[in-house]
Amino acid sequence: MAGRINQFLREYIFILSIITALIGLVVLVIGALGTFTEMFIETMGNWNLYILVIGIILFLTGIYYLYSYITKKKFVISELETNKRSEFVKRHKEVKAAVKYLPKKYSQLLLEKEKELRIK
């Protein structure tokens, strides 16, 4: 069961991180308005500060995973574009480690590149 969940998260990490960041931003704004102004004082009561903290956590989590995905994707794509076997062998372990956290498409691209350059 955990393998299926991890596989799902790995396939859709880009869109999930964007959604998490957007939800976090909305909750952050609502919490900030409630905490620093008297706008939502009747409806949320004493929960404004907690909502602000939850919004900060959600927003930062979404941004972290989005940044992590984009940097790993750029790294893998740049390494897969190389045609020199010696350069690819130097970074092969790093590329394999980065591909673990990307969608299956990138692991298939890595397998094709390994076959092309005859790397085991």
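The values are calculated or read from the model by the stated rules, or taken from the named source; none is laboratory data. All values reported here derive from a predicted model rather than from experimental measurement. We place every Cβ from the backbone using ideal geometry, glycine too, and count neighbours over all the protein chains shown.
Here is how the numbers come out for the structure above:
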{"quantity": "Qualifying positions in segment 26-50 - at pLDDT 90 or above and crowded, with 16+ Cβ neighbours inside 10 Å", "calculated": "Val27, Leu28"}
{"quantity": "Residue match in segment 97-119 (condition: at positive phi, modelled with pLDDT under 90 and not hydrophobic (A, V, I, L, M, F, W, C))", "calculated": "yes"}
{"quantity": "Some residue of segment 89-97 being acidic (Asp, Glu) and under 27 Å from Asn6 (Cα atoms)", "calculated": "yes"}
{"quantity": "Helices (runs of 4 or more DSSP H) wholly inside segment 57-120 that include at least 3 residues being surrounded by 15 or more Cβ atoms within 10 Å (Cβ to Cβ)", "calculated": "92-99, 104-117"}
{"quantity": "Residue match in segment 68-84 (condition: modelled with pLDDT of 85 or more and over 17 Å from Tyr106 (Cα atoms))", "calculated": "no"}
